[in-house]
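In what follows, a structure is listed as structure tokens, so that the remarks can point back to it.
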Number of protein chains: 2
Amino acid sequence: MLRGKQTWWFEKRPVIIGAATVVGPDEGDGPLAEDFDLVHPELDMQQKSWEKAERLLLEQAADFALQNARIDKEMVQFFVGGDLMNQIISSSFAARSLGLPYLGVFGACSTSMESLSIAAMLVNSGSADYVLAGTCSHNCTAEKQFRYPTEYGSQKPPTAQYTVTGAGAGLVAASGDGPTIECATIGKIVDLGITDPFNMGAAMAPAAVDTIQAHFNDTGRSPSDYDLIVTGDLAGVGHPLANELLLQNGVPMNDTVFGDCGLMVYDVNRQKVQAGGSGCGCSAVVTYGHLLKRLARGELKRILVVATGALLSPLSFQQGESIPGIAHAVAICGKEG
Amino acid sequence: MLRGKQTWWFEKRPVIIGAATVVGPDEGDGPLAEDFDLVHPELDMQQKSWEKAERLLLEQAADFALQNARIDKEMVQFFVGGDLMNQIISSSFAARSLGLPYLGVFGACSTSMESLSIAAMLVNSGSADYVLAGTCSHNCTAEKQFRYPTEYGSQKPPTAQYTVTGAGAGLVAASGDGPTIECATIGKIVDLGITDPFNMGAAMAPAAVDTIQAHFNDTGRSPSDYDLIVTGDLAGVGHPLANELLLQNGVPMNDTVFGDCGLMVYDVNRQKVQAGGSGCGCSAVVTYGHLLKRLARGELKRILVVATGALLSPLSFQQGESIPGIAHAVAICGKEG
């Protein structure tokens, strides 16, 4: 395998032969509704707890991804998954249902691309032919765990973000039909001292910038090599900050090239989502649901998904710690890419 | 890379060129005291919180591992780490201090071998020359998070285990002097319905058995191919159960070959540790501290470390869920192995 300093090159070009997304009502009311495999009309999904609902999202996304790939579960060798819950219980319980050898990962909302990077690494290295990557989040589990239960009806400042209720999964294979994974850049932690859990976009923006610049340094590429570069969930506050930081650092981005999954998944002017979407499910449902379809249609040839994560816990916040940010980037090409 | 169904073969034989362990007072009072790089005389390690103390353990273990390997931090390309804390904050904050590209992983107490497996995979695939793997746990952070704050002085049943205060880190390299990593078997989740968080050994034993059998199936090996096979932290209740299950399944283990890190790290007859040790730090300090030294001295030629994890959260337990178990196994050889 060729390599850059923090970039993995996948010279065998692992293929995403199937992907699927399952979302909740707010995402189904958003601009990308048509791209999701299943939209649940209710947040509880007829489950007894929000946590069971979140787990169901991931189990369904995994099942649909296998169906879309037309691959029997028995052929899949590993499941790489993670989520925002304490001890990533949604992924672990989904892994129990799947019955596959399981690697649990955690990078907060960057988990979507961390899991896809590791899945691609396993396939590219020849250690597996089929690896499933997946992640999920649920608005009510995340709010309850990180801030307040939604049942309290507490108010949030406009810098806050709205955790996506959704799961995305992709089946990575050594060969087959679908978009290919070209390389992945693994991020460092960047922490500029932001301590406000209602402003995670600002906490994560510098990490996104660091990973994007590392990606360009490692690969010798520039923004013009991509049809689209999307951050995971910087949303209305963090994304302009990242844009400005990149400009200051001599990497100007074209607005038509530089987007953010947190701004794409909702109509931020119409829907009550504060600054936009967040959560592991945010970049997962936008990437596996929307962007892969645009690659398949040939509208995009090569994209870079820069999933961003805020590595806080309620306890670290209560103890006065700042919020470490991280971002992992994956370059994905359309069939002709 | 050659492969079995759930086993990764590392044909380039990545080398653990340096390792280190840092522990607390109870581990320093145990039978392996001489094998640790640093023993803290107090549980708080002069930090303001238990969480800061836990983080310090991992930061120190990482620094010592680099010193022992005589490698500058700048040469290390990735840090793979995880721990038991919500949102693995100990590892993430240690990764912030280290300043390395970071992959957060979570497999509860199996994290020690999950992180070492991924580090070996990265080196074997040629995507890095130096990868640091590390994990940690602290008795007072784990008790507070999973059961009760130790300050309450609540009593525990004899089936309970005592979370190890300690961190272990290993630097995996493409070449150099030290024990080599031969293969890794990634476990499936096994859940036989145990719901008692004071009996995690029993919850994890079937997962250990499943991974050991998968390892033998994938590799064509048997117990006699190893000088030592250790489970991570099954301790006094879980380890005999695993032994019995293996016997029932036609894989009889010799008592001198089959051990458990949770039974090795303490003198369970003298120290007040209930059934024995547990926690991410348990298999980490025993492996990186004690077992690698025995391999280096030639007392052992080839070992299999089967780190076991109980993938519960306090919330999943409170919601009546059973405890999913998992185990990941890594085969390590001495220089001549």
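A short reminder: the numbers here are calculations on the coordinates, not readings from a lab. Everything quoted here is computed from the prediction, not taken from an experiment. All Cβ positions, glycine included, derive from the backbone under ideal geometry; neighbour counts span all protein chains shown.
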What ³J(HN,Hα) values, in whole Hz, does the Karplus curve 6.51 cos²θ - 1.76 cosθ + 1.60 give for the range B:291-301 when θ = phi - 60°, with x put for Gly and Pro?
5, 5, 5, 5, 5, 5, 7, x, 5, 10, 9
What residue among A:ASP260, A:ASP26, A:ASP177 has the largest mean-square fluctuation in a Gaussian network model of chain A, using Cα springs under 10 Å?
A:ASP177
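Given charges of +1 on the Cβ of Lys and Arg and -1 on the Cβ of Asp and Glu, with all other atoms neutral, how large is the dipole of the protein assembly as shown about its Cα centre, in debye to the nearest 20? If you can, show how the numbers build up before the last one.
Numbers: 46 positive and 72 negative charges, 145 e Å.
Dipole magnitude for the protein assembly as shown comes out near 700 debye.
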Among A:SER127, A:ALA33, A:LEU116, whose Cα projects farthest towards the positive end of the dipole of the range A:1-150, with charges put on the beta-carbon of Lys, Arg (+1) and Asp, Glu (-1)?
A:SER127
Karplus 3J(HN,Hα) series, Hz, for the range B:23-29 with 6.51 cos²θ - 1.76 cosθ + 1.60 (x for Gly, Pro)
9, x, x, 5, 6, x, 8
Binned Cα-Cα distances of the range A:2-173, short to long, each 5 Å bin given as a whole percent
1, 9, 17, 21, 19, 14, 9, 6, 3, 1, 0
Between B:ARG297 and the same site in the other copies, what are the distances in nm, shortest first, taking label points 7 Å from Cα along the C-beta direction?
6.8
Hull surface divided by four, with the convex hull built on the Cα atoms of the protein assembly as shown: how many nm²?
25.7
Pick from B:ASP44, B:ASP83, B:ASP35: which is most flexible by mean-square fluctuation in a GNM of chain B where alpha carbon atoms under 10 Å apart are linked?
B:ASP44
Please list, ordered by chain and number, the residues whose modelled amide H lies under 5 Å from the amide H of B:GLY279; skip anything fewer than 5 residues away on the same chain.
B:VAL164
With a length cut of 18 Å (Cα positions projected on each helix's long axis) and a Kyte-Doolittle mean of at least 0.0, go through chain B and give me the DSSP H helices that pass.
B:111-124, B:200-219, B:235-248
Take chain B, drop everything but the C-alpha atoms, weight them equally and run the Debye formula without solvent; then report log10 I(q)/I(0) at 0.15 Å⁻¹ to two decimals.
-1.19
What distance in nm separates the simple spin-label points at A:ASP255 and B:TYR152, each placed 7 Å from Cα in the Cβ direction?
5.5
Convex hull around the C-alpha positions of the range B:193-273: the volume in Å³ per residue is 93
Hey, for A:GLN47 with labels 7 Å out along Cα-Cβ, what do the inter-copy distances come to in nm, ordered shortest first?
3.3
Taking chain B and counting helices only, DSSP H stretches of n ≥ 4 at -39,500 (n - 2.57) each over all residues, the nearest-500 ellipticity at 222 nm comes to -9500 deg cm²/dmol
In the range A:239-337, which GluC sites (Glu not before Pro) fall in coil by DSSP and have 11 or fewer other Cβ atoms within 10 Å?
A:GLU336
How high is the FRET efficiency from A:LEU38 to A:PHE198, r the C-beta distance, R0 30 Å, rounded to 0.05?
0.45
Take every DSSP beta bridge whose two residues both sit in the protein assembly as shown, then give the antiparallel share in percent to the nearest 5.
65
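In whole percent, what relative contact order does the range A:2-173 give with Cα contacts below 8 Å and a gap of six or more residues?
In percent, rounded to a whole number, it is 30.
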Position A:GLY220, label points 7 Å along Cα→Cβ, spacing to each other copy in nm (shortest first, one decimal)
4.4
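In the structure shown, do any of A:LYS272/A:LYS301; B:LYS48/B:LYS144; A:LYS188/B:LYS52; A:LYS144/A:LYS272 have a Cα-Cα gap over 23 Å, and if so which?
Flagged as over cut-off: A:LYS272/A:LYS301.
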